[in-house]
Amino acid sequence: MKKTVGFAVIGLGHIGKRHAHIINEHPEAQLLGIVDPDPLQRAATTELGYDIPCFESIDDFIAANVPGVDVVCICTPNYLHAAYAEQILNNKYHVVIEKPMALTKADCERVIFKSLNVSKNAFIVKQNRYSPPSKWLKEVVAGGKLGDIHMVQINCYWNRDDRYYKGGEHPWKGKLKMDGGTLFTQFSHFIDIMYWVFGDVKNIHSRFWNYTHQHNIDFEDSGLVQFEFVNGGLGCINFSTSCWGKNMESSITVVGSKGSLKIGGQYMNEVEYCHIENYEMPELPPTNPPNDYGPYKGSAANHHYIIQNVVDTLKGRAAIDTNALEGLKVVDIIERMYETRNIEQLFEKKTYEYS
């Protein structure tokens with residue numbers, strides 16, 4: 001393997017800029033190209049200190065055959081992830097796909113088929129797995145320290161108001177076919193942690209509401225979803241983007257036969273409670289702060305671990321931390337939570353109910 005891994009980034013929005021910065025700072029990585037349809041974003045690369053070619057479209061990038069590119073990071077609106085991933089893979093590049101991997105299980109399957117067909121890797125961005133409380137939770141449950149899992153409750157209460165849904169800056173957000181819904185765009189990371197730790201779910205029952213976003217989104221802003229885990233135990237996720245002013249909480253509470261725990265804080269970033277039989281809570285490393293997007297904040301700023309894993313994998317030092325099959329499974333779970341939602345069948349306050 002050559003000394004550095006060559007990267008290109010498609011989409012230079014908030015998260016695309018983060019990818020580009022981390023790649024540019026990495027001693028074994030090299031940023032070699034940017035793709036963005038917005039001329040202002042392309043012009044901004046000079047201000048960011050990147051003396052690299054910029055392209056208006058993915059077709060222009062592929063036609064240029066930029067020397068040295070090994071991996072392409074897809075940081076575009078949700079609805080473009082799968083189609084762009086297929087196109088990139090078809091041209092023999094490895095691909096890093098921001099969450100969600102796609103908006104349907106079928107699209108994820110096409111990406112996986114293409115990846116296998118051309119023998120290239122598909123890395124899925126699930127950066128919350130790297131947070132110390134999440135890694136600790138995985139170890140505690142996998143090690144059987146909680147015994148049988150009885151109940152798992154996830155609460156995600158965030159703010160996404162008109163500052164977030166600016167028509168000119170993010171015209172795709174809030175549009176059902178482009179965005180996918182609140183569970184895809186805001187809370188898929190927490191569903192990923194749930195799946196990563198506790199496994200698949202069944203017998204899903206869901207209710208959704210749109211309380212404060214009827215003027216700017218096509219779907220729910222709040223919901224209650226109940227289910228059973230295939231491995232045993234009951235679960236639920238309660239979520240909303242209608243918190244006033246700022247994010248309130250992202251938490252997971254677990255009740256087992258040998259103990260209980262709660263990871264909380266605004267971004268599931270601190271252990272708030274731990275009482276487990278014959279177990280002493282270790283001191284965990286500090287959690288990285290959330291990604292800061294000005295008026296609103298996202299999940300943990302752990303993308304440097306993603307890029308490191310790409311470099312390590314391509315240099316033969318590691319395996320993929322989050323592979324495409326895991327990305328597919330998270331999309332599958334969300335799709336089943338949304339399965340019979342019909343935007344045309346609206347009740348008062350846009351309530352959607354199904355099981």
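Every read-out reported here was derived from the displayed coordinates using simple, explicitly stated rules and does not represent laboratory data. Just so it is clear, the structure is predicted and the values come from calculations on it, not from any experiment. Every residue, glycine among them, receives a Cβ derived from its backbone with ideal geometry; neighbour counts consider all protein chains shown.
Some points to look at:
- Per-peptide average of other Cβ atoms within 10 Å, ordering 126-136, 254-264, 179-189, 274-284 highest first: 179-189, 126-136, 254-264, 274-284
- Computed over the stretch 1-150, Cα set: Rg, Dmax in Å: 17.4, 56
- Protection proxy ranking for 320-331, 5-16, 146-157, using the average of other Cβ atoms within 10 Å per residue and placing the highest first: 5-16, 320-331, 146-157.
- Sum of -39500 (n - 2.57) over DSSP H runs of 4+, divided by residues of the chain (222 nm, nearest 500): -9000 deg cm²/dmol
- Distance between the pseudo-spin-label points of Ala64 and Glu339 (7 Å out from Cα toward the beta carbon): 4.5 nm.
- Anisotropy class of the stretch 234-313 from Cα gyration tensor, a/c 1.5 cut: oblate
- Proximity of backbone amide H atoms, modeled 1.01 Å from N, is registered between Val96 and Val72, Cys73, Ile74, Phe123 at under 5 Å, excluding neighbours fewer than 5 places apart on the same chain.
- Taking Cβ atoms as reference points and 12 Å as the exclusive limit, the residues near His275 contribute a net charge of 0, counting Lys and Arg as +1 and Asp and Glu as -1.
- FRET efficiency, Leu224 to His275 (Cβ-Cβ, R0 25 Å, nearest 0.05): 0.40
- Reach of Lys138 by Cα under 19 Å, taken over lysines that are not fewer than 8 positions away in the same chain: Lys126, Lys258, Lys262, Lys329
- Cross-link partners of Lys120 among aspartates and glutamates (Cα-Cα below 16 Å; sequence separation of 8 or more within a chain): Asp70, Glu86, Glu109, Asp312, Asp321
- Potential lengthening between Trp172 and Lys202 on full extension [0.36 nm per residue; Cα-Cα distance subtracted]: 7.7 nm
- Bridges between two residues of the chain, per DSSP, are antiparallel at a rate of about 60%.
- Per-residue ³J(HN,Hα) for the stretch 194-199, Karplus 6.51 cos²θ - 1.76 cosθ + 1.60, θ = phi - 60°, Hz, x for Gly and Pro: 4, 5, 4, 8, 10, x
- Mean Cα-pair separation over length for the stretch 45-109, i.e. relative contact order, pairs under 8 Å, 6 or more apart, %: 29
- In this label model, Ala319 and Lys138 are separated by 1.2 nm, measuring between points 7 Å along each Cα→Cβ vector.
- Computed from backbone phi with θ = phi - 60° and the Karplus coefficients 6.51, -1.76 and 1.60, the 3J(HN,Hα) list for the stretch 100-117 is x, 4, 6, 9, 9, 4, 4, 5, 4, 4, 5, 5, 4, 4, 5, 4, 5, 5 Hz; x is used for glycine and proline.
- Distance from the Cα centroid of the stretch 76-105 to that of the stretch 185-209 is 21 Å (rounded to whole angstrom).
- Within the same chain, aspartates and glutamates fewer than 8 places from Lys17 are excluded, and of the rest, those with a Cα less than 14 Å from its Cα are Glu25, Asp36, Asp38, Glu47, Glu98, Asp292.
- Annotation for His14 and His150: the two label points, set 7 Å from Cα along the Cα-Cβ direction, are 3.9 nm apart.
- Contour excess over end-to-end distance, with Cα ends at Trp244 and Thr46 and 0.36 nm allotted per residue: 67.6 nm
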